[in-house]
Amino acid sequence: MNINPGLQSIPSKVQLEQIDIRSLGKEKIRELYRAGKIPTPEAILEEIVTRAAKEGFRFIHFEPMENMLHIRYGNYDFLKDVVSLPVNLTENIAGIIKIKAGINAFEKRKPQRGKYTLNIGPMQFSLAVNLIAVNAGERITIDMLNKNAELPALQELGLQDTNLEQYKNLISRRNGLILVTGSKDSGKSTTVYASLKHLKSKENNIVTVEDRQEYQLNFATQIIVTPEVGLTREEALKALLQQNPNVALISEIDDNETVSNAIEAVLRGSLVFSTMISRDAISAIPRLLGLDISPYQLSTGLIGVAHQTFVRKLCDSCKESYTPDPAEREILGNTGESDVQLFRAKGCEHCHGSGYSGRTAVFEILTINDELLDAIFQHASFSSIKDIARKHGYVDIRDDIVNKVKSGITSVEELIRLVGN
């Protein structure tokens, strides 16, 4: 997690641990109710959200169960138990969230979405609410976006050495489609925004079309898609093409019309960035073709793919060095270094006992060269495209994680968790 120092002075108004039904039991909870010592649902919700912001978590999960309302915080692939509340608070807390997010409070069967803005101390957060009915009530996830977060530079993302050089070469091109891919919450958008920041200049006309504005850019024109007033992504993209941008961001490619408009912008001379969900860089190619565009269209537009995910960073306050055993050396590729020292998680007060503090991205970069263009045009198989890419120096994300393990940034356990042995 990334602790928010600017929020640490905010005192807790509710001690959530003192109303945790798992540790207290039902009878003790009943006594607290009879004594009027259970805080109001409004106060409990405020504490849950504030604590998530203070500890630097992105997601809050409200999980109703038969005998309790379970609360967990999340940062992408890491979840932390927070508290299990008495079951009779489930409906009240859901109702408060619905009202804040502009969601129909009387609808309890259909999935619903909403959003609201909240100031916590000196920071402003945009909260996107997703709600779905389950057996024990309504399961709610809140995605908290810190609108005061500073946009990082490319070299602060985790791009290092060859990957950084390759990516900078890609984004220095005059036109073409560059995809940043990964899982749903792998930091793709941050990488694209950082790329735009790297390209900001008086000469560049930078325009974005976004479903949700994650960063406010003072050097670009940002268009937020609002279907409720008729501004769909398709309408925004068509209008964008009339604005003659030489650098454009399209927040996500997930249908034929979006990718067709992106390629049209490329043909008109724009450098276009977008994101896509995929398991690796090469998988983006068959995924694009699966959106019913021709190999010719794709080969005339796509110039590169950056794929990324996150690894947890070892806590600098408590990580400990050790000599890897033969099995770990095998996992790392048996480099032959007899005196290699690695680091592993230990746990301390600073990292809440997890052994990790913060995250960094790991990458693989695929540059589309002439031979790959020919392969795409000929509708080559996935394995053929991968063989060609490897021949020209493509390495997968495992190598980047291994480098970060050897540098003491992360652990062998993180390597195994993400890519296996």
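Things worth noting here:
- Taking all pairs of distinct alpha-carbon atoms in segment 5-146, Kirkwood radius in angstrom: 15.5 Å
- Over the chain: helical MRE at 222 nm, DSSP H runs n ≥ 4 each giving -39500 (n - 2.57), nearest 500: -9500 deg cm²/dmol
- Separation of alpha-carbon centers, segment 288-324 and segment 217-247, rounded to whole Å: 26 Å
- Sites listed here are GluC sites (Glu not before Pro) in segment 9-105 whose DSSP assignment is loop and whose Cβ has at most 16 other Cβ atoms within 10 Å: E66.
- Projected label distance in nm at L164 and L118, using a 7 Å step from Cα toward the beta-carbon: 3.7 nm
- Residue order, fewest to most beta carbons within 10 Å, for L199, L249: L199, L249
- Diffusion coefficient, µm² s⁻¹, Stokes-Einstein with Kirkwood Rh over alpha-carbon pairs of segment 353-416 at 20 °C and 1.002 mPa s: 154 µm²/s
- Toward the positive end of the charge dipole of segment 182-328, with +1 on the Cβ of Lys and Arg and -1 on the Cβ of Asp and Glu, the farthest Cα among T221, Y322, L241 is that of T221.
- Longest site-free stretch - the chain; sites: chymotrypsin sites (Phe, Trp or Tyr not before Pro), DSSP loop, at most 15 other Cβ within 10 Å: 220-421
- Residue with peak Gaussian network fluctuation, the chain [Cα springs, cutoff 10 Å], from R30, R174, R72: R30
- Gaussian network model of the chain, springs between alpha carbon atoms under 10 Å - residue of A375, A306, A105 with greatest fluctuation: A105
- 3J(HN,Hα) from dihedral phi, segment 34-43, Karplus parametrisation 6.51/-1.76/1.60, rounded to Hz, x for glycine, proline: 5, 8, x, 9, 8, x, 5, x, 4, 5
- Restricting segment 152-260 to GluC sites (Glu not before Pro) that sit in a DSSP loop and have at most 13 other Cβ atoms within 10 Å of their own Cβ leaves E203.
- The fewest-to-most ranking of M65, M276 by surrounding Cβ atoms within 10 Å reads M65, M276.
- Restricting segment 244-310 to trypsin sites (Lys or Arg not before Pro) in coil, as DSSP defines it, with at most 15 other Cβ within 10 Å: R268, R279
- For q = 0.14, 0.16, 0.22, 0.28 Å⁻¹, Debye-computed log10 I/I(0) when each Cα of segment 1-60 counts as one equal scatterer: -0.47, -0.59, -0.90, -1.14
- For segment 1-99, a crude dipole built from +1 on the beta carbon of Lys and Arg and -1 on the beta carbon of Asp and Glu, taken about the Cα centre, is about 160 debye to the nearest 20.
- Residues whose amide H lies under 5 Å from that of V83, counting only those 5 or more places away or on a different chain, are I71; hydrogens are built 1.01 Å from N in the peptide plane.
- Selected from T232, I29, S84, residue furthest toward positive end of dipole (the chain; charges at beta carbon): I29
- Largest mean-square fluctuation among P111, P245, P286, in a Gaussian network model of the chain whose springs join Cα atoms under 10 Å apart, belongs to P111.
- Inter-label distance, T300 to H392: 1.9 nm, where each label sits 7 Å from its Cα along the C-beta direction.
- Of interest is the spacing of the C-alpha centroids, which for segment 253-285 and segment 150-191 amounts to 15 Å.
- Relative to the Cα centre, the charge distribution of segment 1-56, modelled as +1 at Lys and Arg Cβ and -1 at Asp and Glu Cβ, gives a dipole magnitude of about 200 debye.
- Its residues counted as N, segment 123-184 yields a C-alpha radius of gyration over 2.2 N^0.38 Å of 1.75.
- Cβ-placed point charges (K, R +1; D, E -1), dipole of the chain about Cα centre in debye, nearest 20: 1000 debye
- Between T275 and V180, E252, I253, the built amide H atoms are under 5 Å apart, and every one of these is 5 or more places off in sequence or on another chain.
- Most positive-pole-ward Cα, N146, L164, Y116, against dipole of the chain from beta carbon charges: Y116
- Exposure proxy ranking for I293, I21, I224, based on other Cβ atoms within 10 angstrom of each Cβ and starting from the fewest, stands as I224, I293, I21.
Rule-based calculations on the coordinates, nothing more; no lab input. What you see is a predicted model; the values in this text were computed from it and never measured. Glycine also receives a Cβ, built like all others from the backbone with ideal geometry; neighbour counts cover every protein chain displayed.
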